[in-house]
Amino acid sequence: MSSPWVRVDSLRKVFKDRKRGMVRAVDGISFEVHGGEIFALLGPNGAGKTTTLRILSTILRPTGGRAEVMGYDVVKNPQEVRKKIGYLPAEGGLYHRLTPREVVTFFGELAGMDRKTLKDRTEQLFESIGITDFADTKIEKLSTGMKQKVAIARTIIHDPDVLILDEPTQGLDVPSSRIVEQFILDEREKGKAIVLSTHIMEEAEYLADRIFVIHKGREKATGTIDQLKKTTGKNRLKEVFLSLLEA
């Protein structure tokens with residue numbers, strides 16, 4: 001097998017909380033993700049999923065351990081990592097007074113894309129994701145599903161090798177969720193490495209090649225769905241998940 005595109009080794013992140021003291025948000029986890037693979041982080045709220053993704057996207061510095069993207073260390077080479085990733089945060093992070101076209105153009109320019117490539121790529125993305133009809137409408141006037149499509153376009157405008165997606169279908173209706181899921185599958189078919197967090201069992205079962213179950217910052221299990229079902233003796237992913245949390 002080829003070298004992993006994402007490598008996490010004994011990763012730790014400790015926060016100091018005024019009420020709880022030292023909180024181990026991520027506590028020594030390790031995993032690898034390869035090109036052409038969807039790797040899903042599953043865990044309850046507060047498990048450490050978002051913290052892990054923020055470290056991979058260079059937003060947070062780890063307390064210990066190591067994380068690499070395409071061979072670049074997230075602490076030593078954050079600028080190189082940012083060139084290789086597309087990060088979709090759970091909160092969206094759009095500028096409400098701009099239009100989708102303005103937002104995506106801005107992020108494409110930040111990524112150093114030339115004007116023609118950016119224009120062509122924007123039109124292609126807008127058509128494939130379904131943004132064209134509202135491309136010049138202010139973000140503040142768009143529905144949740146429309147905003148998520150814009151956030152996705154902004155995330156992948158520079159055609160990154162690695163996608164880091166935090167709850168990509170959160171708050172979406174069924175048709176919008178289906179469009180986002182198909183986009184994720186299409187990106188995998190292009191050979192991208194995709195790391196995503198989700199709390200939706202059906203979504204994880206549909207999308208993920210492998211699943212990493214995390215609880216209280218620690219790994220509970222890693223494997224394909226079939227492997228985890230065999231380990232727990234459960235048939236439904238929800239029951240597999242609950243069984244692993246209780247182990």
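Results for (1) out of contact with any strand residue (DSSP E or B) (no Cβ under 8 Å at 6 or more places or on another chain); (2) farther than 21 Å from Glu181 by Cβ, shown as yes or no for each residue.
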residue: Thr52; (1), (2): no, yes
residue: Asn77; (1), (2): yes, yes
residue: Glu91; (1), (2): yes, no
residue: Met113; (1), (2): yes, yes
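Hey, Lys76 hits all of (1) modelled with pLDDT of 95 or more; (2) of a type outside the set (Phe, Trp, Tyr); (3) surrounded by 14 or more Cβ atoms within 10 Å (Cβ to Cβ) but one; which does it fall short on? The number of the failed condition is (3).
Flag: Thr50 matches the condition of being touching a residue at least 12 places away in the same chain (Cβ under 8 Å), closer than 30 Å to Lys238 by Cβ and either under 17 Å from the mean Cα position of the chain (by Cα) or crowded, with 22+ Cβ neighbours inside 10 Å (or both). For segment 1-35, the set of residues classified as surrounded by fewer than 16 Cβ atoms within 10 Å (Cβ to Cβ), in contact with a Gly (Cβ under 8 Å, 6 or more places away or on another chain) and over 17 Å from Gly217 (Cα atoms) consists of Ser2, Ser3, listed by residue number. Looking at Pro160, Pro62, just one residue is surrounded by 17 or more Cβ atoms within 10 Å (Cβ to Cβ), touching a residue at least 60 places away in the same chain (Cβ under 8 Å) and assigned to a loop (DSSP other than H, G, I, E, B), and that residue is Pro160. Scanning segment 198-242 for residues that are more than 22 Å from the chain's Cα centre (by Cα) and either surrounded by fewer than 19 Cβ atoms within 10 Å (Cβ to Cβ) or in a loop (DSSP other than H, G, I, E, B) (or both) turns up Asp226, Gln227, Lys229, Lys230, Thr231, Thr232, Gly233, Lys234, Asn235, Arg236, Glu239, Leu242.
Any residue that is in contact with a helix residue (DSSP H, G or I) (Cβ under 9 Å, 6 or more places away or on another chain) and farther than 20 Å from Ile184 by Cα - is there at least one of those in segment 52-59? Yes: one or more hits.
Restricting attention to segment 24-46, does a residue exist that is touching a residue at least 12 places away in the same chain (Cβ under 8 Å), within 29 Å of Lys141 (Cα to Cα) and among the hydroxyl-bearing types (Ser, Thr, Tyr)? No, there is no match, as no residue in segment 24-46 is touching a residue at least 12 places away in the same chain (Cβ under 8 Å), within 29 Å of Lys141 (Cα to Cα) and among the hydroxyl-bearing types (Ser, Thr, Tyr).
Looking across segment 222-244, the residues that are without any contact (Cβ under 8 Å) to a residue 24 or more places away in the chain, under 19 Å from Ser30 (Cα atoms) and of a type in the set (A, V, I, L, M, F, W, C) come down to Ile225, Leu228. Only residues that are modelled with pLDDT under 95 and closer than 14 Å to Ala47 by Cα were counted across segment 221-245, and they come to 4. With respect to Thr132, determine if the residue is among the polar types (S, T, N, Q), more than 22 Å from Leu41 (Cβ to Cβ), surrounded by 14 or more Cβ atoms within 10 Å (Cβ to Cβ) and free of Cβ contacts under 8 Å to residues at least 12 places away in the same chain. Yes: the conditions hold for Thr132.
The values are calculated or read from the model by the stated rules, or taken from the named source; none is laboratory data. No experiment lies behind these values; they were computed from the predicted model shown. Neighbour counts run over all protein chains shown; Cβ positions are idealised from the backbone, glycine included.
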